[in-house]
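The values are calculated or read from the model by the stated rules, or taken from the named source; none is laboratory data. As the structure is a prediction and not an experimental result, all values here were calculated from the model. FYI the Cβ positions are ideal-geometry reconstructions off the backbone, even for glycines, and counts take in every protein chain you see. These area figures cover heavy atoms from the full protein model, side chains too; ligands, DNA and RNA do not enter into them. Shrake-Rupley method; radii C 1.70, N 1.55, O 1.52, S 1.80 Å.
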Amino acid sequence: MDLSPFETDNSVSCRLASQIPDVCRTEDCCLGIDEAGRGPVLGPMVYGICFCPVSKKQELKESKVADSKTLTEAERENLFQKLDEAKSYIGWALHIISPNTISTSMLQRSKYNLNALSHDSAIDLVQFALDSGVQLKEVFVDTVGPADKYEEKLSKRFPGIEVTVRPKADSLFPIVSAASICAKVARDHVVKGWNFAEDLGEVDSAYGSGYPSDPKTKAWLLKCLDPVFGYPQFVRFSWSTAQTLMDSKGVTVHWDDDDEDGEKAAQRHNNRSMLAYFSASAGGNDQNPTRQTHRFFTERRLKSLDTL
């Protein structure tokens with residue numbers, strides 16, 4: 001599995017896919033959807049789809065695919081290899097949702113919660129398969145939220161396709177199990193080989209499973225917390241685990257602008273208010289053409305404005 005498109009810039013999300021088997025463009029196909037990494041405070045969430053002709057369901061079942069959570073890492077790797085080698089009739093695609101994307105989505109002013117992010121990712125992957133020419137007739141999904149409402153939503157979005165949404169679908173339908181394995185293998189590889197964009201020196205890689213309840217993860221979060229800047233983008237800032245630690249261990253910042261008129265507070269301290277600073281920068285008075293914008297702003301496509 002070539003993860004280099006995501007590893008080149010792991011601050012943004014990325015879609016990866018296998019070749020589309022020719023038979024999937026001519027025969028009725030089934031497709032399964034599942035995710036890996038919904039709960040961890042570290043690393044990405046990966047949504048995966050796997051699809052094959054309906055006529056190949058039995059062959060897929062005989063390959064002994066199962067819910068990825070019930071398999072060892074070696075078993076998952078072996079099964080993914082088998083799925084990838086069956087490229088004459090099995091295809092897959094992944095949406096790797098970066099922790100940075102998750103954090104900014106959940107913390108932005110107009111909240112975009114994890115369920116909405118999950119639903120949209122699943123819909124985008126189904127649409128990708130359709131746009132690639134896959135003749136979808138059946139879609140099986142591991143539910144996020146109430147199964148009946150999710151099933152109704154997908155059925156309306158994709159009329160003509162029989163949609164089945166069930167809890168624990170990864171243990172009920174082999175095609176969902178296959179999607180679960182693809183997603184889990186990808187996430188494991190990404191987490192193990194995470195490229196820290198921040199200059200952190202020698203980074204301790206013993207961060208455990210990434211789940212908030214894991215003692216190794218807790219210890220890593222405590223060790224890697226910067227009291228001013230918080231965490232690297234490997235950490236989901238929107239998780240309560242990270243927020244609690246930052247609140248208790250981080251430096252408290254007091255903004256005078258919150259307590260009184262910004263200009264008056266700034267003058268009292270012989271300084272400028274934040275509004276005046278950004279207005280001046282946007283207006284060009286204080287612009288320095290040789291100064292580079294910090295990556296925090298460029299990654300989020302933020303620009304200074306002096307008027308609305």
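Failed condition for V141, given (1) outside any strand (DSSP E or B); (2) closer than 16 Å to Y47 by Cβ; (3) β-branched (V, I, T); (4) in contact with a Ser or Thr (Cβ under 9 Å, 6 or more places away or on another chain), with all others met?
(1)
Within the stretch 64-89, track down each residue that is within 20 Å of D188 (Cβ to Cβ) and not in a helix (DSSP H, G or I).
Within the stretch 64-89, K64, V65, A66, D67, L71, T72 qualify.
How about the stretch 64-117: which of its residues are without any contact (Cβ under 8 Å) to a residue 60 or more places away in the chain and of a type in the set (V, I, T)?
Matches in the stretch 64-117: T72 only.
Yes or no: R301 touching a strand residue (DSSP E or B) at 6+ places or on another chain (Cβ under 9 Å), of a type in the set (D, E, K, R) and at pLDDT 75 or above?
no
Hey, can you tell me all the residues within the stretch 1-46 that are hydrophobic (A, V, I, L, M, F, W, C), closer than 18 Å to I96 by Cβ, open to solvent by less than 40 Å² (accessible area, probe 1.4 Å) and not in a helix (DSSP H, G or I)?
Scanning the stretch 1-46 gives L3, C14, L16, I33, A36, V41, L42, M45, V46.
Results for (1) under 25 Å from V54 (Cβ atoms); (2) touching a helix residue (DSSP H, G or I) at 6+ places or on another chain (Cβ under 7 Å), shown as yes or no for each residue.
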residue	(1), (2)
W92	yes, yes
H95	yes, yes
T104	no, no
R109	no, no
L136	yes, yes
S155	yes, no
D170	yes, yes
P174	yes, yes
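Restricted to the stretch 176-213, and to residues that are in contact with a Leu (Cβ under 9 Å, 6 or more places away or on another chain) and assigned to a loop (DSSP other than H, G, I, E, B), which residue is surrounded by the most Cβ atoms within 10 Å (Cβ to Cβ)?
The selected residue is Y207.
I'd like to know if the stretch 98-116 contains one or more residues that are over 30 Å from N195 (Cβ atoms) and in contact with a Leu (Cβ under 9 Å, 6 or more places away or on another chain).
Within the stretch 98-116 (the criterion being over 30 Å from N195 (Cβ atoms) and in contact with a Leu (Cβ under 9 Å, 6 or more places away or on another chain)), the answer is no, since none of the residues qualifies.
Among the candidates F234, F158, F173, single out the residue that is modelled with pLDDT of 90 or more, aromatic (F, W, Y), touching a Gly at 6+ places or on another chain (Cβ under 8 Å) and open to solvent by less than 20 Å² (accessible area, probe 1.4 Å).
Only one candidate passes the filter, namely F234.
Could you please find all residues in the stretch 215-248 being out of contact with any Leu (no Cβ under 8 Å at 6 or more places or on another chain), in a loop (DSSP other than H, G, I, E, B) and farther than 16 Å from W194 by Cβ?
P227, V228, F229, W239
Considering only residues that are of a type in the set (D, E, K, R), touching a residue at least 40 places away in the same chain (Cβ under 8 Å) and buried (at least 18 other Cβ atoms within 10 Å of the Cβ), which ones fall in the stretch 47-63?
Matches in the stretch 47-63: none.
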